[in-house]
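What follows is one structure encoded as structure tokens, with my remarks underneath.
The values are calculated or read from the model by the stated rules, or taken from the named source; none is laboratory data. Keep in mind the model is a prediction, meaning the values are calculated, not measured. Cβ placement follows ideal geometry from the backbone for every residue including glycine, while neighbour counts extend to all protein chains displayed.
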Amino acid sequence: MISAKLLNPKSIVVVGGSDDITKAGGKVLKNLLSGDFPGSLYVVNPKATVVQGLTAYADVSLVPRTDLAVIAVAARYCPGIVRTLATEKGTGGFIILSAGFSEENEEGAALEKEIVDIINSTGGTLIGPNCIGYLNNIYHGVFTEPIPRLSPQGIDFISGSGATAVFILETAITGGLPFSSVWSVGNSAQTGVEDVLEHLDNTFDPLTSSRIKLLYIENIADPQRFLRHSASLIRKGCRIAAIKAGSSEAGSRAASSHTGAMASPDTAVDALLRKAGVVRCYSRTDLATVAALFTYKPLKGKRIAIVTHAGGPAVMLTDALSEGGMEIPHLSGPEAERLLEKLFPGSSVANPIDFLATGTAEQLGHIIDACENDFNEIDAIAVIFGSPGLFPVDDVYNLLHEKIRSCKKPVYPVMPSVINVKREIADFIARGNAIFTDEVLFGRALCRVNATPAPAVPEKMEDVTAGSSDLNGSSARTDMRVIREVIDGAGDGYLPPEKVGLLLRAAGIETVPESVVTSAEEAVRTAGAMGYPVVMKVAGPVHKSDIGGVALNISGEERVREEYARMMALPEVTGILIQKMISGSELFCGATAEGRFGHLVMAGMGGIFIEVFKDVATALIPVSENEARSMIRSLKSYKIIKGVRGSEGVNEEAFARVITSLSDLLALAPEIAEMDINPLLGTPDKIVAVDARIRVGSKDRK
């Protein structure tokens, strides 16, 4: 729990405060004074008696009891200072701005641990070290600028990087965004991103709490806690956007499965954010643009009216929205004709709605009213309005201010003239509006926000350990006893084909009839009993086709004997797997263990789609049937699954059940390191697993 003495202190001491506002201790003291902190403010500086108008104490032992300490001294002095404050002065909140801790060397890490142990022993809360601080509506405990406009309904911003937090704040402030709190967690020695999310979730008040959360994350230490509290906040009505840095980090695994080769730490991050319902962003401007969108009414649909007095930006916005899956409906009919009569000759209402460079605020009002009331095919209105600098545009921006509040549909103001109408934009922002200055960035952000699904975490997951098989509703198809018998009897490495088949069937995944044989006579008897044609595959090597270890469409005894002799001569072959030859569309499903994230499931079309195009959808377990359907429908090859140009599709519901059954299997057998079912053969009636490999590896779970 985060201490109230950090959040709402009645007194603050700045240790290392000075008159030099070019240093952290001096600047944080100045910010506290400028922010009109209502409580008692103390400063410790052994070399001065008065600092910035305050009486200075020579040592922390002389300071009155105080709730919060902001510390800006060398790292080596911090443990002693913290100990005195925590044990003698009743201090429960600590913000350590100083660097020189775990980010630097082992000696610094030891100092950091000592500090955390002291604070934990007294039930306090630490922000940092190696951070810019913390600020909220009560006090400005940061040593940086700018200080954003603060409002209880503003944004809660959590950052793992102090410098990046400053840059994001600058970008967001210029777009008109207010803040409620800024958390710079630094080294996250005691309090990290997940801790702050948990606090915001547990203390959420629908009447007073901010509903917008922005995150800059460099490390997700506890993915399941992150998932639980992010999803919970979003269900409570919050909207969350995040940058996760470090996406290009190359994985060092030597993966032998398709899933393992395609998966990466960033793939798991992407799946985590999507499962939580968090909008992923990729730059400071992107994050600020998404945050600005969050301040407007939620978009209910994907049909956008573009209103402009400049053709070029409207064309670029149309392209950006169309590429992102949004629609720009053509407007026609009596309502469109009536609207056109209210505009100057040469205007167009087809959508984009162009009311020319000479268009007036009154005409813009008519357009917005028509989109709001007359055009049911419109879900939101984007208004692009700048100026060549010839005349003021206050009347237009006043109208937009009113329409943003009165319309039931979202009205988005795109204001590109950041120099020519700087004053008007500043006035517009001062009235509580967020703006967009680039139509393409706005369009792409709107598409991503609209495409981000609601949390795919079951509502009761807050009280359930992630990965529990009863979450999917498919556990009735799962034989837990058989699964655990196979896994408990297996060592690290690839399971033999017969064990793979046992696991799949125990998970409720249908397999093609198969048998492993070790003699030519047994091969002939088995093939005859199955009925020709059959498939023969080597048992032993992982990549069967690479060594010529697969033969299809075998239709007689002589061919069985020939292939048996040829395959048994291949290296590392321990037997021959014989399967009934079946037909259908090739599908793929697989999974890989992603450390703290749990198992990542992948699914898509098989064959060339997995080999070349890598057209796959991903999700972290547990995967619900709704989430599995969303995975399937997100595939570029989804039309093939549905059936295209007269060809039969595959049973979509059966495919979804395979995905959830695989999720259940992984929940019951977390020892599975990676696996592929490739191919699955799908028909309109059913889906059958033809080939699979499963590797057990306890080290992959760490």
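Given (1) over 28 Å from Ile168 (Cα atoms); (2) touching a residue at least 12 places away in the same chain (Cβ under 8 Å); (3) in contact with a Phe, Trp or Tyr (Cβ under 9 Å, 6 or more places away or on another chain), where does Ser348 come up short, assuming only one miss?
All conditions are met except number (2).
Do the conditions hold for Arg566, that is, is it part of a helix (DSSP H, G or I) and either on the phi > 0 side of the Ramachandran plot or more than 44 Å from the chain's Cα centre (by Cα) (or both)?
Yes; evaluated as a whole, the condition is true for this residue.
For Leu343, are the conditions met, namely being more than 40 Å from the chain's Cα centre (by Cα) and either closer than 18 Å to Tyr412 by Cα or in a loop (DSSP other than H, G, I, E, B) (or both)?
Answer is yes for this residue.
Quick one: Thr125 ticks every box in (1) crowded, with 19+ Cβ neighbours inside 10 Å; (2) outside the structural domain of Thr171 (by TED's automatic domain parsing); (3) under 24 Å from Ser18 (Cα atoms); (4) under 30 Å from the mean Cα position of the chain (by Cα) bar one, so which box is it?
Failing condition for Thr125: (3).
Pairs only if they're at least six apart or on different chains, beta carbon under 9 angstrom, first in region 395-412 and over 13 Å from Phe436 (Cβ atoms) and in the same structural domain as Leu446 (by TED's automatic domain parsing), second at pLDDT below 95 and of a type in the set (S, T, N, Q); list them, first residue then second.
The qualifying pairs are Asp395/Thr360; Val396/Thr360; Val396/Ser387.
Would you call Ala288 crowded, with 18+ Cβ neighbours inside 10 Å, outside any helix (DSSP H, G or I) and touching a helix residue (DSSP H, G or I) at 6+ places or on another chain (Cβ under 7 Å)?
Details: crowded, with 18+ Cβ neighbours inside 10 Å: yes; outside any helix (DSSP H, G or I): no; touching a helix residue (DSSP H, G or I) at 6+ places or on another chain (Cβ under 7 Å): yes.
No.
Select from region 484-519 the residues that are more than 17 Å from Val535 (Cβ to Cβ), of a type outside the set (A, V, I, L, M, F, W, C) and out of contact with any Leu (no Cβ under 9 Å at 6 or more places or on another chain) and list them in ascending order.
Asp488, Gly489, Gly491, Asp492, Gly493, Tyr494, Pro496, Lys499, Arg505, Thr518, Ser519
Would you point out the residue of region 647-663, among those that are of a type in the set (Gly, Ala, Ser) and in contact with a Pro (Cβ under 8 Å, 6 or more places away or on another chain), that is modelled with the highest pLDDT?
Per the criteria, the residue is Ser663.
Being loosely packed, with under 14 Cβ neighbours inside 10 Å, in contact (Cβ under 8 Å) with a residue 24 or more places away in the chain and closer than 23 Å to Ala163 by Cα is the filter here; which residues of region 222-249 pass it?
Across region 222-249, the qualifying residue is only Gly246.
Could you tell me how many of the residues in region 200-239 are assigned to a helix (DSSP H, G or I) and either more than 17 Å from Phe294 (Cβ to Cβ) or of a type in the set (Phe, Trp, Tyr) (or both)?
Going through region 200-239 one residue at a time, the tally reaches 10.
Within region 272-313, how many residues are among the hydrophobic types (A, V, I, L, M, F, W, C) and modelled with pLDDT under 95? It would help to see each step written out before you state the result.
Step one: of region 272-313, the residues among the hydrophobic types (A, V, I, L, M, F, W, C) are 272-273, 276, 278-279, 281, 287-288, 290-294, 299, 304-307, 310.
Now drop any that are not modelled with pLDDT under 95, which leaves 310.
Total satisfying the criteria: 1.
Among (1) part of a strand (DSSP E or B); (2) free of Cβ contacts under 8 Å to residues at least 12 places away in the same chain, which single condition is Val70 missing?
Of the numbered conditions (1) part of a strand (DSSP E or B); (2) free of Cβ contacts under 8 Å to residues at least 12 places away in the same chain, the odd one out for Val70 is (2).
What are the residues in region 434-478 that are under 30 Å from Ser151 (Cβ atoms), modelled with pLDDT under 90 and of a type outside the set (A, V, I, L, M), if any?
Hit for region 434-478 is Glu462, nothing else.
Tell me yes or no: at least one residue of region 381-394 is among the hydroxyl-bearing types (Ser, Thr, Tyr), under 32 Å from the mean Cα position of the chain (by Cα) and in the same structural domain as Glu327 (by TED's automatic domain parsing).
The answer is no, given that none of the residues of region 381-394 is among the hydroxyl-bearing types (Ser, Thr, Tyr), under 32 Å from the mean Cα position of the chain (by Cα) and in the same structural domain as Glu327 (by TED's automatic domain parsing).
What number goes with the only condition from (1) in contact with a helix residue (DSSP H, G or I) (Cβ under 6 Å, 6 or more places away or on another chain); (2) at pLDDT below 95 that Ser248 does not pass?
So Ser248 meets the others, but not (1).
Any residue in region 549-571 that is without any contact (Cβ under 8 Å) to a residue 60 or more places away in the chain sitting within a Cβ distance under 7 Å of a residue that is among the charged types (D, E, K, R) and part of a loop (DSSP other than H, G, I, E, B)? List the pairs, counting only those 6 or more apart or interchain.
Correct list of pairs: Val550/Lys544.
Residue by residue through region 44-72, note down the ones that are closer than 20 Å to Gly124 by Cβ, touching a Gly at 6+ places or on another chain (Cβ under 9 Å) and not acidic (Asp, Glu).
Answer for region 44-72, where residues must be closer than 20 Å to Gly124 by Cβ, touching a Gly at 6+ places or on another chain (Cβ under 9 Å) and not acidic (Asp, Glu): Val44, Val60, Arg65, Thr66, Leu68, Ala69, Val70, Ile71, Ala72.
Mind checking which residues of region 86-112 are assigned to a helix (DSSP H, G or I), within 31 Å of the chain's Cα centre (by Cα) and without any contact (Cβ under 8 Å) to a residue 40 or more places away in the chain?
Result: Ala109, single match.
Identify, by number, the condition in (1) in contact with a strand residue (DSSP E or B) (Cβ under 8 Å, 6 or more places away or on another chain); (2) surrounded by 15 or more Cβ atoms within 10 Å (Cβ to Cβ) that Arg65 doesn't meet.
Result: Arg65 passes all but (2).
Has region 140-161 got any residue that is over 29 Å from Met415 (Cβ atoms), in the same structural domain as Leu287 (by TED's automatic domain parsing) and at pLDDT below 95?
Yes; the residues of region 140-161 include at least one that is over 29 Å from Met415 (Cβ atoms), in the same structural domain as Leu287 (by TED's automatic domain parsing) and at pLDDT below 95.
Looking at Thr55, Thr66, can you tell me which residue is closer than 16 Å to Gly93 by Cβ and more than 38 Å from the chain's Cα centre (by Cα)? Walk me through it before giving the result.
On the way: Thr55 fails: closer than 16 Å to Gly93 by Cβ.
Exactly one residue qualifies, and that residue is Thr66.
Take Glu198 and tell me if it is in contact with an Asp or Glu (Cβ under 9 Å, 6 or more places away or on another chain), of a type in the set (D, E, K, R) and over 19 Å from Thr285 (Cα atoms).
No.
Can you name every residue in region 514-543 that is small (Gly, Ala, Ser) and either assigned to a loop (DSSP other than H, G, I, E, B) or surrounded by fewer than 15 Cβ atoms within 10 Å (Cβ to Cβ) (or both)?
Ser519, Gly528, Ala529, Gly531, Gly540
In contact with a helix residue (DSSP H, G or I) (Cβ under 9 Å, 6 or more places away or on another chain) and closer than 20 Å to Arg274 by Cβ: is that true of Phe609 in this structure?
In short, no.
Could you look through region 481-494, keep only residues that are surrounded by 15 or more Cβ atoms within 10 Å (Cβ to Cβ) and within 34 Å of the chain's Cα centre (by Cα), and pick out the one that is nearest to Ser661 (Cα to Cα)?
Result: Ile483.
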